[in-house]
Amino acid sequence: MGIEFRNPEKVAGGWLPLEAYDDKEFDTRLPSAWINVNNGVAPRDGVAAQGLWKDKDGLCYWRKLRIMKHLPKTDRFEGFWENTREKVRLARIFIHFDEEDPKIFSRRFAAAYQKRKNADALIKYSYYIDNMPKHSIPEADTNQTNRILQMT
């Protein structure tokens, strides 16, 4: 099943990055603990997961992935796609580990997506308010001012 990240109202790349809205409170383990599954040592073939792969048209699909390490400096996980062996670095929000509870991950992903939509709407709203034409708005006369004051 694909996930549609394209927004027809925006130009390409117009969405804010989803990882900026990721709530790490949903994580049940530290990043290094996802990798260190065998007494502090990652398996040679990596940790099984599903990663969000984006095609050239902006459609995204969950694909099998093997995670090899966590990069603390960039807060990304590094691994490779199982089908192509192509190397990949992904933010935590785009990785569902096989050992992870899918319900918790779904709530995490949905929460980040909703926060991003809300932030986008708030940015638009603020932009429209800040850029409203103010020079052509007539002053309220005395009667209008009195009616407004009576309503408060």
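The values are calculated or read from the model by the stated rules, or taken from the named source; none is laboratory data. Note that this is a predicted model, so its numbers are computed, not measured. Counting neighbours? That spans all protein chains shown, and the Cβs are built from the backbone with ideal geometry, glycine included. What goes into the accessible areas is simple: the full protein's heavy atoms, side chains included, and nothing from ligands, DNA or RNA. Shrake-Rupley method; radii C 1.70, N 1.55, O 1.52, S 1.80 Å.
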Here the gain from full extension of Asn83 to His135, 0.36 nm per residue of separation minus their alpha-carbon distance, amounts to 12.7 nm
Calculated P(r) of the chain - Cα pairs past 19 Å, %: 64 percent
On average, how much accessible surface per residue is there in the chain, in Å², for a 1.4 Å probe, leaving out ligands, DNA and RNA? 71 Å²
Per the stretch 101-148, sqrt(5λ) over the Cα gyration tensor eigenvalues, sorted largest first, in Å, gives 44, 14, 4
With θ set to phi - 60° and the Karplus curve 6.51 cos²θ - 1.76 cosθ + 1.60, what are the ³J(HN,Hα) couplings of the stretch 92-108 in order, to the nearest whole Hz, using x for Gly and Pro? 4, 4, 9, 10, 10, 6, 4, 7, 7, 5, x, 5, 5, 4, 4, 5, 4
Between 0 and 90°, nearest 10: helix 142-151 axis offset from the chain longest Cα axis: 50 degrees
Between Ala20, Thr152, Met68, whose Cα lies farthest towards the positive end of the dipole of the chain when Lys and Arg beta carbons carry +1 and Asp and Glu beta carbons carry -1, centred on the Cα centre? Met68
Taking r as the C-beta separation of Ala111 and Asp45 and R0 as 41 Å, the FRET efficiency to the nearest 0.05 is 0.80
Take the residue pairs Lys64/Lys103; Lys87/Lys115; Lys73/Lys117; Lys54/Lys115 and return only those whose Cα atoms are more than 24 Å apart. Lys87/Lys115; Lys73/Lys117
